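Student: Dropping a structure here in structure tokens format, bear with me for questions.
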Amino acid sequence: MEDLRKVIDINISSEKFYKNNSYTNKWRLNYHLEPPFGLLNDPNGLAYYNGEYYIFYQWNPYKCEHKDKHWALVKTKDFIHYSIPKAVLAPDDWYDKDGCYSGSAIVIEDKLELFYTGNVRDNNGNRESYQCRATIDKNGNLVKKGPVVDKLPEGYTAHFRDPSIFKRNGKYYFIVGAQLEKLLGRALLYSSKDLKEWKFEGEINTDYKDFGFMWECPSLFNLEGKDILVFSPQGLESEEYKYQNIYQSGYIVGKFNFETLNFEHGEFRELDLGKDFYAPQVFKDKQNRTILIGWMGLPEEEDNYATKELGWVHCLTMPRELILKDDTIYQVPLKEFENYRTELLEDDKNVICREWKTDKLKDNSYELLLDIDNLESNRLELRFLEGKDEYSSLVFDCEKGIGFLDNNKLINGVKSIRKFKFNENKIKIHMFVDKSAVEIFLQDGKTVLSSRVYPEEASTGLRILSKNNINIRELKLWSLGEMVYEE
């Protein structure tokens, strides 16, 4: 009864937050999902159900720390109008008392089936992990079914979490992240005919035998006839152009054999090269689009985010459609986000210049579409969030064949630079700036960089700088509106 009152109090507080127009801070986001208070992390249970998109996420509604994990739920039909975030899955049973950890969803008949990890700690801090089931009906009634896997497979530690459920060839499966007792990350497969009894099929055999100490948030799906395994390995050694964050998220593409569990695949590729991206989840909608949403943050780095002191931290990425070309995933913002456009501020074509700038931006909520022929230039810089004493920049060094996103000149937040290889003569940039979040899609989404930033309110400058002449084949700049929260 006490736990039920806590959830009711959380949801009443959330309703008051939106009804009282408390969404006024200069770093509050316009079109990214973030919590009204507390800490958000992994997206969970993504599904199209009952005529709406269901988006769950990890939520500690009490503090900006990784404890007391609930599942929050928001629903939308159009990615503009959203229901007010509500806590719907709470850590109030013996098998999840220390946190309802990440999981997934699948629509079966008239219910949305949820699978998640129940986290339990004893008095000495030792961990136990249970893979659990719950259901939601069309009226919003959630019923917990308890653990469906209550024992660890032999040879693995209690770092055993994040089930991702799917159906293939008339059978249900979930893939789950795991750690060998040798402290190596793995992904495991379970199967079931009825969602109640689950059989341990074994370990997915990849070429990555020593690739981090834990694989979190794995998912296995098919795109354009290819099998894709997405996972978030922890413990990779940083390189100049790869693995630049504390933990990474990426994918392998190939063919998975459900009988032998062998996965024939190519190299691991990161999904996002920015400084803030982790734990993505993928689902299909009614249009058969494969959609990805990630956590625009990272574990163990909460002190790096300026809003923590204001009582909330983290957000989700924009939903992205996945397209497979030559075994490479391209990520494209959903077409629905065009409906956020409120005014076309700039519309230029075939401009030859060394510098371009605008003074029409009134705030940092905008979309930029930019197509450049580099011509004779050997260095190009897109400078944004520019103010009297700060700016952020996206730089292309064409002689060296590299690019980088540089946030070292920003006043607030942690200084950072993220490098990537770039050796093309034409540059296509699709950038979304949302108060304190930036998502950059390069070359039609072949390379993506996501970053949290905390500019001063007056820092709205936008410029393009080049050492030599460039041809701006097309430039469009829109101001963007904001999402609407409704009961």
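Student: Which of the residues belonging to region 279-296 are surrounded by 14 or more Cβ atoms within 10 Å (Cβ to Cβ), at negative phi and not polar (S, T, N, Q)?
Tutor: 280, 282, 283, 284, 285, 289, 291, 292, 293, 294, 295, 296 - these are the residues of region 279-296 that are surrounded by 14 or more Cβ atoms within 10 Å (Cβ to Cβ), at negative phi and not polar (S, T, N, Q).
Student: Run down 449, 475, 462 and say which single residue is in a strand (DSSP E or B), within 18 Å of residue 362 (Cβ to Cβ) and in the same structural domain as residue 389 (by TED's automatic domain parsing).
Tutor: Criteria check complete, one pass: 462.
Student: On to the next question. Quick one: would you say residue 281 is closer than 16 Å to residue 322 by Cα, free of Cβ contacts under 8 Å to residues at least 24 places away in the same chain and not aromatic (Phe, Trp, Tyr)?
Tutor: Considered against the rule, which asks whether it is closer than 16 Å to residue 322 by Cα, free of Cβ contacts under 8 Å to residues at least 24 places away in the same chain and not aromatic (Phe, Trp, Tyr), residue 281 comes out as no.
Student: Can you tell me which residue among 428, 409 is surrounded by fewer than 18 Cβ atoms within 10 Å (Cβ to Cβ) and in contact with a helix residue (DSSP H, G or I) (Cβ under 7 Å, 6 or more places away or on another chain)?
Tutor: After applying the criteria, what remains is 428.
Student: Looking only at strands (runs of 3 or more DSSP E) that lie completely in region 370-421, which have at least 3 residues being within 23 Å of the chain's Cα centre (by Cα)?
Tutor: Correct list: 392-397, 402-406, 417-421.
Student: What number of residues within region 289-329 satisfy the criterion of being out of contact with any Pro (no Cβ under 7 Å at 6 or more places or on another chain) and either in a loop (DSSP other than H, G, I, E, B) or closer than 30 Å to residue 222 by Cα (or both)?
Tutor: Counting residues in region 289-329 that are out of contact with any Pro (no Cβ under 7 Å at 6 or more places or on another chain) and either in a loop (DSSP other than H, G, I, E, B) or closer than 30 Å to residue 222 by Cα (or both) gives 23.
Student: Of the conditions (1) over 30 Å from residue 218 (Cβ atoms); (2) part of a strand (DSSP E or B); (3) not polar (S, T, N, Q), residue 43 satisfies every one except a single condition; which number is it?
Tutor: Status for residue 43: all satisfied but (1).
Student: Considering only region 448-487, state which residues are more than 25 Å from residue 354 (Cβ to Cβ) and among the hydroxyl-bearing types (Ser, Thr, Tyr).
Tutor: Residues satisfying the conditions are 450, 451, 454, 479, 485.
Student: Continuing with the same structure: Here is a check on your reading of the model: is residue 185 over 25 Å from the mean Cα position of the chain (by Cα), of a type outside the set (Ser, Thr, Tyr) and under 30 Å from residue 210 (Cβ atoms)?
Tutor: It is false that residue 185 is over 25 Å from the mean Cα position of the chain (by Cα), of a type outside the set (Ser, Thr, Tyr) and under 30 Å from residue 210 (Cβ atoms).
Student: From (1) touching a Gly at 6+ places or on another chain (Cβ under 7 Å); (2) outside any strand (DSSP E or B); (3) not small (Gly, Ala, Ser), pick out the condition that doesn't hold for residue 342.
Tutor: Failing condition for residue 342: (2).
Student: Then there's this: Could you please let me know if residue 256 is farther than 18 Å from residue 186 by Cα and at pLDDT 95 or above?
Tutor: The answer is no for residue 256.
Student: For region 264-288, which positions are among the aromatic types (Phe, Trp, Tyr), touching a Ser or Thr at 6+ places or on another chain (Cβ under 6 Å) and assigned to a loop (DSSP other than H, G, I, E, B)?
Tutor: Within region 264-288, just 277 meets the criteria.
Student: While we're on this one: Which residue pairs have Cβ atoms under 7 Å apart, sit 6 or more places apart or on different chains, and have a first residue in region 139-164 that is touching a residue at least 24 places away in the same chain (Cβ under 8 Å) and part of a loop (DSSP other than H, G, I, E, B) and a second that is of a type outside the set (Asp, Glu) and surrounded by fewer than 19 Cβ atoms within 10 Å (Cβ to Cβ)?
Tutor: 153/200; 155/180
Student: Test residue 274 against the criterion of being surrounded by fewer than 20 Cβ atoms within 10 Å (Cβ to Cβ) and small (Gly, Ala, Ser), and give yes or no.
Tutor: Answer is no for this residue.
Student: Here's a follow-up. Would you confirm, using the coordinates I've provided, whether residue 165 is of a type in the set (Val, Ile, Thr) and either closer than 30 Å to residue 266 by Cβ or not assigned by TED's automatic domain parsing to the domain that holds residue 113 (or both)?
Tutor: yes
Student: Right, something else. Quick one: in region 233-263, of everything that is in a loop (DSSP other than H, G, I, E, B) and hydrophobic (A, V, I, L, M, F, W, C), which residue is surrounded by the most Cβ atoms within 10 Å (Cβ to Cβ)?
Tutor: Ranking the qualifying residues of region 233-263, first place goes to 236.
Student: Can residue 120 be described as without any contact (Cβ under 8 Å) to a residue 60 or more places away in the chain and farther than 13 Å from residue 134 by Cβ?
Tutor: In short, yes.
Every residue, every condition in (1) surrounded by fewer than 18 Cβ atoms within 10 Å (Cβ to Cβ); (2) over 27 Å from residue 230 (Cα atoms); (3) not basic (Lys, Arg), yes or no:
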residue: 68; (1), (2), (3): no, no, yes
residue: 77; (1), (2), (3): yes, no, no
residue: 92; (1), (2), (3): yes, yes, yes
residue: 103; (1), (2), (3): no, no, yes
residue: 118; (1), (2), (3): no, no, yes
residue: 140; (1), (2), (3): yes, yes, yes
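Student: A further question on this structure: Answer yes or no as to whether residue 55 is more than 23 Å from residue 276 (Cβ to Cβ) and among the β-branched types (Val, Ile, Thr).
Tutor: Judged against the criteria, residue 55 is not a match.
The values are calculated or read from the model by the stated rules, or taken from the named source; none is laboratory data. Computed from a prediction, not measured in an experiment: that's the story for all the values here. All Cβ positions, even for glycine, are placed from backbone atoms using ideal geometry, and neighbour counts span all protein chains on display.
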